[in-house]
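One structure is given below, encoded as structure tokens.
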Amino acid sequence: MEIEARVEIMWHYENPTKARAVAESVQVDNVSIPPGLKKSLNVETLCEDGSVRTKVKYRGEVDTLIKALDDLVFSVKIAEEITEKV
């Protein structure tokens with residue numbers, strides 16, 4: 001089943017430096033979306049006032065959107081873990 005969706009996810013951090021580091025590392029991953037998927041999936045992650053905001057626009061199969069959002073959450077988790085070790 002094909003869907004059209006807009007998703008916005010926010011993560012809030014007490015440390016603005018950590019928020020910036022997470023946003024920048026996740027945005028790098030967003031840029032590397034495979035060319036075939038870029039036509040239907042647009043992902044942008046920004047740091048705003050100590051929060052990380054990701055906006056997703058998607059058109060296609062719902063399973064692909066779920067996988068993309070799962071990848072996003074996993075990427076944020078990894079970035080958070082790395083910033084805690086630095």
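The values are calculated or read from the model by the stated rules, or taken from the named source; none is laboratory data. Bear in mind the structure is a predicted one, so any value in this text is a computation, not a measurement. Note: ideal-geometry Cβ built from the backbone for every residue, glycine included; neighbour counts use all protein chains shown. All accessible areas refer to the heavy atoms of the entire protein, side chains included, with ligands and DNA or RNA removed. Shrake-Rupley method; radii C 1.70, N 1.55, O 1.52, S 1.80 Å.
Which value, in Å², gives the accessible area per residue of the chain when a 1.4 Å probe is used on the protein heavy atoms?
Heavy-atom SASA per residue in the chain reads 69 Å².
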query: What are the aspartates and glutamates whose alpha-carbon lies under 20 Å from the alpha-carbon of Lys38, with same-chain residues fewer than 8 places away excluded?
result: Glu2, Glu4, Glu8, Glu24, Asp29, Glu61, Asp63, Asp70, Asp71
task: Kindly sort Lys85, Lys55 by accessible area of their heavy atoms, largest first, with the probe set to 1.4 Å.
output: Lys85, Lys55
task: Mind sorting out which of (i) 29; (ii) 43; (iii) 37 is the real percent of Cα pairs over 21 Å apart computed from the coordinates?
output: (i)
- request: Any chance you could give the angle, 0 to 90 degrees and rounded to 10, that helix 62-85 forms with the longest Cα principal axis of the chain?
  value: 10
task: Return a whole-number percent for the relative contact order of the chain, with Cα pairs under 8 Å and 6 or more residues apart as the contact set.
output: 41
field: Top of Thr17, Thr54, Thr45 by mean-square fluctuation, Gaussian network on the chain, Cα under 10 Å
entry: Thr17
message: Only sites in a loop by DSSP and with at most 15 other Cβ atoms within 10 Å count here; which GluC sites (Glu not before Pro) in the chain make the cut?
response: Glu14
task: Just reorder Lys67, Lys38 by solvent-accessible area, largest first, 1.4 Å probe, all chains present.
output: Lys67, Lys38
- prompt: Hey, what angle do you get for helix 16-31 against the long axis of the chain, alpha-carbon based, 0 to 90 degrees rounded to 10?
  reply: 30
